[in-house]
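So that we are looking at the same thing, I have put the structure below in structure tokens.
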Amino acid sequence: MGSATVISKKGFLCALEKDTNHVHREIAQSMDSGRFNMQQLQTKRNKLHEYVQELDTQANILVMEKRTSNRQLSIL
């Protein structure tokens, strides 16, 4: 499924009169392609969100370790 071709309203109506089924199939293919692309983007977004959460957790752990180390050093 490639990129859609832009047509005028008149061209669309002519194509619809010529072969309604073909026009409906083309629209269905475009909708399927759009759904597929949206699913891919949502999956990528979710993976990135999980990765950011992991990094945030790691950063929090490092901050806590630093504070603990600073406390231990101040005791010495």
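The values are calculated or read from the model by the stated rules, or taken from the named source; none is laboratory data. These numbers come from a predicted model, not from an experiment. For neighbour counting, all protein chains shown are included, and Cβ atoms are generated from backbone atoms with ideal geometry for every residue, glycine included.
Only one of (1) part of a loop (DSSP other than H, G, I, E, B); (2) surrounded by 10 or more Cβ atoms within 10 Å (Cβ to Cβ); (3) out of contact with any helix residue (DSSP H, G or I) (no Cβ under 8 Å at 6 or more places or on another chain) fails for SER30. Which number is that?
In the conditions (1) part of a loop (DSSP other than H, G, I, E, B); (2) surrounded by 10 or more Cβ atoms within 10 Å (Cβ to Cβ); (3) out of contact with any helix residue (DSSP H, G or I) (no Cβ under 8 Å at 6 or more places or on another chain), SER30 misses (1) alone.
I need every pair where a residue in region 33-45 that is in contact (Cβ under 8 Å) with a residue 24 or more places away in the chain has its Cβ under 8 Å from the Cβ of a residue that is outside any helix (DSSP H, G or I), sequence separation at least 6 or different chains.
Correct list of pairs: SER33/MET1.
Related question: Looking at GLN72, GLN58, which one is part of a helix (DSSP H, G or I) and at pLDDT below 95?
Criteria check complete, one pass: GLN72.
What's the number of the condition VAL23 fails, among (1) out of contact with any Leu (no Cβ under 7 Å at 6 or more places or on another chain); (2) surrounded by 10 or more Cβ atoms within 10 Å (Cβ to Cβ); (3) at pLDDT 95 or above?
Tallying (1) out of contact with any Leu (no Cβ under 7 Å at 6 or more places or on another chain); (2) surrounded by 10 or more Cβ atoms within 10 Å (Cβ to Cβ); (3) at pLDDT 95 or above, VAL23 fails exactly one: (1).
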